[in-house]
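Here's the structure, in structure tokens; my notes come after.
The values are calculated or read from the model by the stated rules, or taken from the named source; none is laboratory data. Source: prediction; values computed, not measured. So basically every Cβ, Gly included, is an ideal-geometry build from the backbone, and we count neighbours across all protein chains shown. These accessible areas exclude ligands, DNA and RNA; they are computed on the full protein's heavy atoms, side chains included. Shrake-Rupley method; radii C 1.70, N 1.55, O 1.52, S 1.80 Å.
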Amino acid sequence: MKKLALHWKILIGMLLGLVFGFIMLQVSWGPGFVEDWVKWLGTIFIKLLKLIAIPLILASLIKGISDLKDISKFSSIGLRTIVTYVFTTVIAITIGLLLVNVLQPGDGVSEETIAKLTETYAGDSGVQSKIAEATRQKESGPLQFLVDMVPDNAIKSMSENKLMLQVIVFAIFLGISLLLIGEKRAKPMKELFDSLNDVVLKMVDLIMLFAPYAVFSLLANVVVTSGDPDLLYALLKYAGTVVLGLIMMIGFYLTVVGVFVKKNPFWFLKEISPAQLLAFSTSSSAATLPVTMERVEEHIGVDKEVSSFVLPVGATINMDGTSLYQAVAAVFISQALAFDLTFADQLTIVLTALLASIGSAAVPGAGMVMLVIVLESIGFPADRFPIALALIFAVDRPLDMCRTVINVTGDATVSMVVAKTVGKLGDPRVEDWDKHYEEVK
Ligand code: ASP
């Protein structure tokens, strides 16, 4: 296996995991066996990735900012990042809306299927908890997200992965202050974070050695916990519409890389593929973030000054796949339940799906929570939310896996675009995990 490229090893692990999962589904003790004896490997892998996310963000962002020669450069990177993120998200939502209006996947869903889906999922704790979570989020004021971004206790923010945005704010604040104390006095801190950054990137290399086995476990578990195949089949047209949209987004990114960044799109795809495969297997952009950062910095050549800001921010606020899915799902639900949508409603979807994708957490299933808010914005009756979510629940996990790939690819593409515009796209500088192994063996 040594000479095989990492993405092939991961792909083989995934395929074997799928096959193993299907075999396990054929025997009565199979799902229990996977739960007890296979799942742990994937769970540990995700824990390890999450473990290093906060140290990596902290080290690379502080190092990145303190390397800047002046602060105005940072605001210019920040502005370009936000504008590009909004642009790609609007493209994604537009593609989603166009496809769902042309293909009309909701029109073919029979009363019988709706009844069966409602019966199976409307009372499900998964659906109910998503609605409850959306109601909680909705109750806060429009600028609450700004308040939430600012930490009041840095150590507490660092101790919770879902407070990643607070860690980013703290790191930016610290990095800028470091710039302001002058180069001489900043030197020890800069060196410390520089070295910490290298150490954490090495940890990514080491964790990735374990990736092919972990994805086997993750995918086997997805297969044995997936829903009734008949219901999956009934939703094929809807799922197909989402997937087609996501594929078109890949086409869009590759075009941007080729035309705007002027790099070979297939080279980009090859270099970023391990992050994509992990996004697919874990359904979490946050868990994938360390790998995305390592690939973009070392294998693609984006300077740390750009990637250290663009990628962590992107993982939390830029979700092109999620927003595309939300647009398709909202219209699909309206079509299937005969809820009429006006053109103005569709424009409302563009706006709320944009905000919702910013507000969605980078964890499995988060997109569905914010979908409730999109539905509410178009006047969908609240008492029918359980039926609405029940309609799409059966295929949510596989679609979550696919949309997370797009979320991660979008972040990587934007980091290249921003790096290109500020002259920070250099040559790759890959370092194998065992470069210094001989010295310490
Ligand atoms: N799982 C997605 C992510 O982590 C979010 C979602 O669409 O549910 O990027």
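Within region 177-218, the set of residues being among the hydrophobic types (A, V, I, L, M, F, W, C) and open to solvent by less than 40 Å² (accessible area, probe 1.4 Å) comprises 178, 186, 193, 200, 201, 204, 207, 208, 211, 214, 215, 218.
What do you reckon, is residue 266 more than 15 Å from the ligand (Cβ to nearest atom), among the hydrophobic types (A, V, I, L, M, F, W, C), at pLDDT below 95 and in a helix (DSSP H, G or I)? No.
The residues listed here are 265, 212; of these, the one that is within 21 Å of the chain's Cα centre (by Cα) and farther than 27 Å from residue 363 by Cα is 265. Among residues of region 350-380 being more than 15 Å from the ligand (Cβ to nearest atom) and of a type in the set (A, V, I, L, M), the one that is most open to solvent (accessible area, probe 1.4 Å) is 351. Residues that are touching a strand residue (DSSP E or B) at 6+ places or on another chain (Cβ under 6 Å) and buried (at least 24 other Cβ atoms within 10 Å of the Cβ): does region 309-331 have at least one? The answer is no; no qualifying residue exists.
Taken over region 269-309, the criterion of being under 19 Å from residue 78 (Cα atoms), more than 14 Å from the chain's Cα centre (by Cα) and assigned to a helix (DSSP H, G or I) is satisfied by 296, 297, 304, 305, 306, 307, 308, 309.
The residue that is surrounded by the fewest Cβ atoms within 10 Å (Cβ to Cβ), counting only those in region 1-35 that are in contact (Cβ under 8 Å) with a residue 60 or more places away in the chain and of a type in the set (Phe, Trp, Tyr), is 22. Only residues that are open to solvent by 50 Å² or more (accessible area, probe 1.4 Å), aliphatic (A, V, I, L, M) and over 26 Å from residue 326 (Cα atoms) were counted across region 219-270, and they come to 1. Just wondering, is there one or more residues in region 153-167 that are closer than 12 Å to residue 58 by Cβ and either basic (Lys, Arg) or open to solvent by 50 Å² or more (accessible area, probe 1.4 Å) (or both)? So far as region 153-167 goes, yes, one or more of its residues are closer than 12 Å to residue 58 by Cβ and either basic (Lys, Arg) or open to solvent by 50 Å² or more (accessible area, probe 1.4 Å) (or both).
Let's see how each residue does on (1) without any contact (Cβ under 8 Å) to a residue 40 or more places away in the chain; (2) within 22 Å of residue 93 (Cβ to Cβ):
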| site | (1), (2) |
| --- | --- |
| 276 | no, yes |
| 282 | no, no |
| 288 | no, no |
| 301 | no, no |
| 316 | no, yes |
| 321 | no, yes |
| 333 | no, yes |
| 337 | no, yes |
| 340 | yes, yes |
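Scanning region 88-119 for residues that are open to solvent by 70 Å² or more (accessible area, probe 1.4 Å) and β-branched (Val, Ile, Thr) turns up just one, 102. For residue 412, the stated conditions hold: it is within 30 Å of residue 176 (Cβ to Cβ) and within 16 Å of the ligand (Cβ to nearest atom). Apart from one condition, residue 74 fits all of (1) aromatic (Phe, Trp, Tyr); (2) more than 24 Å from residue 277 (Cα to Cα); (3) open to solvent by 80 Å² or more (accessible area, probe 1.4 Å); the exception is (3).
Of everything in region 381-409 that's among the charged types (D, E, K, R) and more than 13 Å from the ligand (Cβ to nearest atom), which residue is nearest to residue 225 (Cα to Cα)? Steps first, answer last, please.
Start the filter on region 381-409 by keeping residues that are among the charged types (D, E, K, R), which leaves 383-384, 396-397, 400, 403.
Restricting the remaining residues to those that are more than 13 Å from the ligand (Cβ to nearest atom) gives 383-384.
Details: 383: 28, 384: 26 Å.
Of everything passing the filter in region 381-409, 384 is nearest to residue 225 (Cα to Cα).
Exactly one residue out of 347, 341 is under 23 Å from residue 235 (Cα atoms), more than 10 Å from the ligand (Cβ to nearest atom) and open to solvent by 10 Å² or more (accessible area, probe 1.4 Å): that is 341. Can you find a residue in region 386-394 that is open to solvent by less than 20 Å² (accessible area, probe 1.4 Å) and in contact with a Lys or Arg (Cβ under 9 Å, 6 or more places away or on another chain)? Yes, that holds for at least one residue.
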